[in-house]
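Remarks on the structure that follows.
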Amino acid sequence: MPDFESFDGLRLSYLDDGDGRAVVLLHGFAADTNVNYVRSGILDLLLDEGYRVVTLDARGHGLSSKPTAPEAYADDAMKRDVIALFDHLGLDDVLVVGYSMGAHLALRLAPAEPRVKAVVLLGIGESGTGGEDGADRRDALVAVLEADSPDDVDDASLRQFRVMAGLDREPLLAYVKAPGGVGPAPVDGVDVPVLLVVGDDDENAGDPTPLAERLDATLVRVPGDHFTANARPELHRALTEFLGAQ
């Protein structure tokens, strides 16, 4: 994967492949492009559908630079990274797909970025409405990341994050501890078409109905949980049908 210099000089890895209308894929917490979009088949699916597919490994994740100071993630740095990537690639008409952390990022990006024409949110629900206490969520993730072993995490819905973090936990802790690093994204000002897809057994996302109502989004429920729904053919079908209509 090539890389580019973001707004603050940090080097971030991205992928840019295919022709056609641009679809930008934003991955989830403790994951990367490979985990969320290559293994699930979404990246190849979109390439086969004729899209130009752009992915970004967020700062602190994947093949991108991994600063360990919380200040490096403050002031919505990840949103500014996506805008910098748009500029770097000269994108002016973008469909954005975000999973979990990437979906919250997409919600913050859409009102601020007129180049975003539609948004697909994967794996978020009531946590995106402001109904969940961001401080509680942040404290829970800190505890998970500081656990010596995944076996020390009692909450099964959070244990997988500790598994995915492996030994490289300091950048993730810095992100979680950054001012405004974790918490519900504001939904006011999102005036583009939105598709919301959530697994039936996704305990991390919570109830997606309130978020769908606030966004006037198309809501699709599919089999699977927070870590398996992305690979389901039902999700793939909903994704391609929605993007094809934009």
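Here are the numbers for the structure shown:
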{"read-out": "Sequence-separation-based contact order of the chain, relative, with Cα cut under 8 Å and 6+ spacing, percent", "value": "21"}
{"read-out": "Å³ per residue enclosed by the Cα convex hull of the chain", "value": "108"}
{"read-out": "Karplus 3J(HN,Hα) series, Hz, for region 201-209 with 6.51 cos²θ - 1.76 cosθ + 1.60 (x for Gly, Pro)", "value": "10, 7, 6, 5, 6, x, 5, x, 4"}
{"read-out": "Region 78-131 and region 134-170: distance between their alpha carbon centers, rounded to Å", "value": "25"}
{"read-out": "Check: region 142-228 dipole with +1 on Lys, Arg Cβ and -1 on Asp, Glu Cβ, in debye", "value": "260"}
{"read-out": "Hull shadow area, averaged, region 1-145 [alpha-carbon convex hull, nm²]", "value": "8.6"}
{"read-out": "Farthest toward positive dipole pole in the chain [+1 Lys/Arg, -1 Asp/Glu at C-beta], among ALA229, VAL24, SER157", "value": "VAL24"}
{"read-out": "Rg/Rh for region 201-246, where both radii come from Cα atoms and Rh is the Kirkwood radius", "value": "0.98"}
{"read-out": "The chain - charge dipole about Cα centre, Lys and Arg +1 at Cβ, Asp and Glu -1, debye rounded to 20", "value": "400"}
{"read-out": "Accessible surface of region 91-246, 1.4 Å probe, proportion on carbon and sulfur as whole %", "value": "45"}
{"read-out": "Inter-probe distance in nm under a simple model that places probes 7 Å from Cα toward Cβ, at GLN246 and ARG115", "value": "1.4"}
{"read-out": "Sparse-neighbour loop sites [GluC sites (Glu not before Pro); region 148-246; at most 16 other C-beta within 10 Å; DSSP]", "value": "GLU203"}
{"read-out": "Helical mean residue ellipticity (222 nm; -39500 (n - 2.57) per DSSP H run of 4+; nearest 500) of the chain", "value": "-9500 deg cm²/dmol"}
{"read-out": "Cβ-based charge dipole, region 175-246, positive-most Cα from ALA238, VAL194, ALA178", "value": "ALA178"}
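The values are calculated or read from the model by the stated rules, or taken from the named source; none is laboratory data. Every value quoted in this text rests on a predicted model; they were computed, and no experiment measured them. Cβ coordinates were reconstructed from backbone atoms using ideal geometry, including for glycine residues, and neighbour counts include every protein chain displayed. What goes into the accessible areas is simple: the full protein's heavy atoms, side chains included, and nothing from ligands, DNA or RNA. Shrake-Rupley method; radii C 1.70, N 1.55, O 1.52, S 1.80 Å.
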